[in-house]
Amino acid sequence: MNRIGRYMVVILLLSFVIFSATYCHTSTKSAKESFLAKLDTAHHYLNINDTVKYVGEQTCALCHQAIFNSFSHTGMGESFDIASKQKSAARFGKHEVVYDKFKDFYYHPFWKNDNLYVLEYRLKGRDTIYRHEQQINYIIGSGMHTNSHIYRVNGYLYQAPITFYTQEGKWDLAPGFSDGFNSRFSREVGLECMSCHNSYPDFTMGSTNKFKSVPNGIACERCHGAGEMHVRAMQLGYRVDTTKAIDYTIVNPSKLPTELQVDLCERCHLQGNAVLKPGKSFYDFRPGMKLSEVMDVFMPKYTGMENEYIMASHMARMKMSKCYLNSLNSGKATSLKPYMGSMTCITCHNPHEDVRNVNDNAFNAICQSCHKEGTNHYCQEIVREYARLKDEDRSTEPSKNCIDCHMPKGKTIDIPHVITTDHFIRIPIKNEDKEKVKKFITLYDVSNPNPAPETRGIAFIQQFARFQSDFPALLDSAKQYFPDNTPALIRKNFVPLVDICFYKQDYKGLLNYVSIMHPQYVIDSMLVHKDYENKDAWVAYRIGEAFYQINNIKGAEAFYKKSVALAPYVLDFQNKLGASLVMLNRDDEAGKVYDFILTQDPEFVSALTNKGYLALRKGNVDVAKEYYDKALALSPDDKQALLNMAGWHIYEKQPAKAKEDLQQVLKKYPEEEQAKALLEQLKNNKGI
C-alpha cells in the first residue's frame, strides 16, 4: 500500500480520536477564551515555541488533502521509505553487479520474495571464497537522482555500500565508498543525516546511530512547524482571513521575511560543516527561526573552484548570484508579503509540486519577468543574436532559454553519476581556464555573516575531522582561536584544545592539559553533560585514547569508562573499555562489556573477535574458533580477527593455516609489523 493509501485508511479513525481528544484539553470556558485571546494578539509565529507538539502528517491531511497528495509525490515527500519494490527505482537482474577493485568485493542487489538484499562476495578464480547477504530495510532518496540503501540492526542504522544512480540507470559504489574508501556495511547513519533526509526521527541519546523509530519521508511539519496549536485553534473555530492577516498558529513559509525563508530552506539544502550552538541539537531548529540561532554552516572557499559544487549546495550557490544579492532590501515588502521583491527559493519552486512536472518555460518566464526586453537587464546575448540575423531570418528567433545558459547543469563533485542544476546564476564565461589549481582560502559561514570567533575555530577542527584530514593546516588555523597560556584559559578552551591535540596525535600535549586540570576533576566536574552530539563523551574517549597510546592503561580505562557512562550506546566506546579491561587482566568485566555490545549489535566484528580472545585465554579453544569464524564471516579482511585466527592456528599447531592468515593480513595491510614478525617466526620455526 502506498503512502497516501496508508493514511486514507486511518483518516476516519483519526478524525474522531483527534477532535475528541483535543476538546478534552479545553474543558473550561476561561481556558478557551485565554487561548483565543493569545491568538488574537499574536505578532509572531506561536508554534516556534518548543512546547508546541508535532501532530503528524496524517492530521494535516485531514484538512489539506489535495496539497498533501501533491506533496507526497515530490522529491521531499518521497525522500525516505521502507525498502519495497514500489519504492525502489532501481534495476535488478543477475548481471547487476558492482565490483570494488580496491577492496576486491563484488556486490549484487536482489529481491528474495518482497525483501531486498545486497550480496557481498569475493572470487578466487571462478570459486566463491566469501559471501555475505545483508537485508536492506530502507531506501533513501526519491529516485530523482539516486536510491541509497540503509539497513537496521536492533535500531542501529548503517548505509549499504552500493547505490542506484537513476539518471544513468546504473548501480555503483555509494558516494564516499569509491577509490579505496569502501567501509562496507559499517558506515553509521546519524541524526544529522537523518534529520534532513527525513522528518524528525526518535533518536536514542547516548548513541551515534541508534533510533527507536524513523518516519517514512519528509512531512508537512518540517516546513510549517509543529501543528498542535493550529489544530486546536481550528477545532475551536478560530479563523483568519489570510488575504488580510497572517495566521500565527502555524508557519506559512510564503509569509516569512526573506531571511527566514532562506534559513528554512537552508536547513537542509545547504550541506556543509554545521557547527551547533552550545546546548543545541539538530532537533532544535523550527520553521520561522533564524538558522544561526541553532547552528552556523561553514563552507570551504577555494580559488580555481568557482564552477564546482556539491549536491546539496543550492543555497550557497544561490547566495553567490547577483540576482539574489541585488534583490535584497528592494523596498517592495509588505506586512502580508514580507519577502516581496526579494529572490528566494519559492520565487521559482513550489514545494508542494514535483519539480519533475515543471518544464523549463515556467522557470524562464520567472527570469523574464525581471529581465524584460527593452530594459538594461535584458539578455545582451539575445540582442547580439538579433543583430546578427537578417530581416528575412527573423523567423529563427534566438533561444530564450535562460536557465540553460545562466544555470547550467553539471556534475556534482561529491555524488558520482549525478547531474543537477547549478543555482549560481551568472553570465557564463567562454573558454574558461580548465587547468586552474585549486587552492584553499578559508572557511566562510553561509548562514551567518558574523560568527563568533570560537565558532570559527570549531569549524576548522570539524573541517579537518570530517572532510579534510589530509590538510593539517586547518588545525593550526583553529588553534589561534583557543589560547592556552593560563589555567583559566585552558579550562575555558579545554574541549577544543583536547580535540586539536588529538587530531594532531599530540598525546603528550593533550595529557598536559588534563594534568593541569587534574584528571579526576576533569572526570567529575568537566565532562558531565549528556546531549545528542555526545560532546563530553567524545572528549572523554579522546583522553582515554591518549592514555592508551602512552601505555597508561589505568588512565585510559578511567576515561573510557566515563565515555561509556555518558554515551552507553556508542559501541566503539564500549569496545575500547573492554580492551583496556583485558589489558588490566579483568577478563570477567571485559566479557560483560563485549556481551552488552553483542546484545546491541550481534554483528559487531571487534566484539566477536575479542570474545574469541577471552575464550582462548580461558582455554576454551572451540568457543574461540566459533567467535573468530563469525567475525571473519562478516569481515574477511579484519586485521585483528585474522591475527587472532593466526594465533589460534598456532595454538592448535597448524602453522600452514596460520601462514595463510598472516599472508592475508599482509596482503591488505603490508606494513603490519606483528604479522611480519609472526610470519618470520613461522618460516624459521622459532619457538612455534
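A 1.4 Å probe, protein heavy atoms only, puts the accessible area of residue 377 near 120 Å². For residue 592, the lysines whose Cα comes closer than 21 Å to its Cα, not counting residues fewer than 8 places off in the same chain, are 210, 554, 561, 562, 576, 611, 618, 625, 630.
Once a ≥ b ≥ c are taken as the square roots of the eigenvalues of the Cα gyration tensor of the stretch 427-524, is the result rounded (a/c under 1.5), prolate (a/b larger than b/c) or oblate (a/b not larger than b/c)?
Since a/c reaches 1.5 and a/b is larger than b/c, the shape of the stretch 427-524 is classed as prolate.
The stretch between residue 236 and residue 115, if pulled fully straight at 0.36 nm per residue, gains 39.0 nm over its current Cα-Cα span. Taken along its principal axes, the alpha carbon cloud of the stretch 64-144 reaches lengths of 59, 27, 18 Å, longest axis first.
Calculate, for residue 186 and residue 554, the FRET efficiency according to 1/(1 + (r/R0)^6) with r their C-beta to C-beta distance and R0 22 Å; round to the nearest 0.05. So the FRET efficiency works out to roughly 0.15.
All Cα-Cα distances of the chain, cut into 20 Å bins from zero to the largest, leave 14, 43, 33, 8, 1 percent in each bin in turn.
Taking all protein chains together and a 1.4 Å probe, the residues 208, 334 rank 334, 208 from largest to smallest accessible area.
Could you tell me which of rounded, prolate or oblate describes the stretch 333-384, using a ≥ b ≥ c as the square roots of the eigenvalues of the alpha-carbon gyration tensor, with rounded for a/c under 1.5 and, failing that, prolate when a/b is larger than b/c and oblate otherwise? Walk me through the intermediate numbers first.
Values: a/c = 3.84, a/b = 1.28, b/c = 3.00.
Oblate shape, in that a/c is at least 1.5 and b/c is the bigger or equal ratio.
Per-residue surface analysis assigns residue 403 an accessible area of about 20 Å², computed on protein heavy atoms at 1.4 Å probe radius.
Could you give the length gained on full extension between residue 49 and residue 91, defined as 0.36 nm per residue of separation minus the Cα-Cα distance, in nm? Please list the in-between numbers first.
Values: separation 42, 0.36 × 42 = 15.12 nm, distance 4.52 nm.
The span from residue 49 to residue 91 would gain 10.6 nm if fully extended.
Rounded if a/c is under 1.5, else prolate if a/b beats b/c, else oblate: with a ≥ b ≥ c from the C-alpha gyration tensor eigenvalues square-rooted, which is the stretch 568-636? Verdict is oblate for the stretch 568-636. Extending 7 Å from Cα along the Cβ direction at residue 623 and again at residue 170 yields two label points whose distance is 5.1 nm. Put simply, when 594-601, 494-501 are sorted by average Cβ atoms within 10 angstrom per residue, most first, you get 494-501, 594-601. Helix 571-583 axis versus longest C-alpha principal axis of the chain: approximately 20°, rounded to the nearest ten. Annotation: lysines with alpha-carbon distance below 16 angstrom to residue 400 (same-chain offsets under eight excluded): 372. Against the chain, whose longest principal axis comes from its Cα atoms, helix 507-517 is set at around 80 degrees. Measuring with a 1.4 angstrom probe and ignoring ligands and nucleic acids, residue 614 comes out at about 10 Å² accessible. The Cα-based radius of gyration and maximum Cα-Cα distance (Dmax) for the stretch 582-688 are 13.9, 43 Å.
Stokes-Einstein diffusion for the stretch 217-323, with the hydrodynamic radius set to the Kirkwood value over Cα pairs and evaluated at 25 °C in a medium of 0.890 mPa s, equals 154 µm²/s.
Against the chain, whose longest principal axis comes from its Cα atoms, helix 655-668 is set at around 30 degrees.
The values are calculated or read from the model by the stated rules, or taken from the named source; none is laboratory data. Worth saying up front: this structure is predicted, and the values here are computed from it rather than measured. Neighbour counts are summed over all protein chains in view; Cβ atoms, including those assigned to glycine, are modelled from backbone coordinates with ideal geometry. Keep in mind that these areas ignore ligands, DNA and RNA; they rest on the heavy atoms of the full protein, side chains included. Shrake-Rupley method; radii C 1.70, N 1.55, O 1.52, S 1.80 Å.
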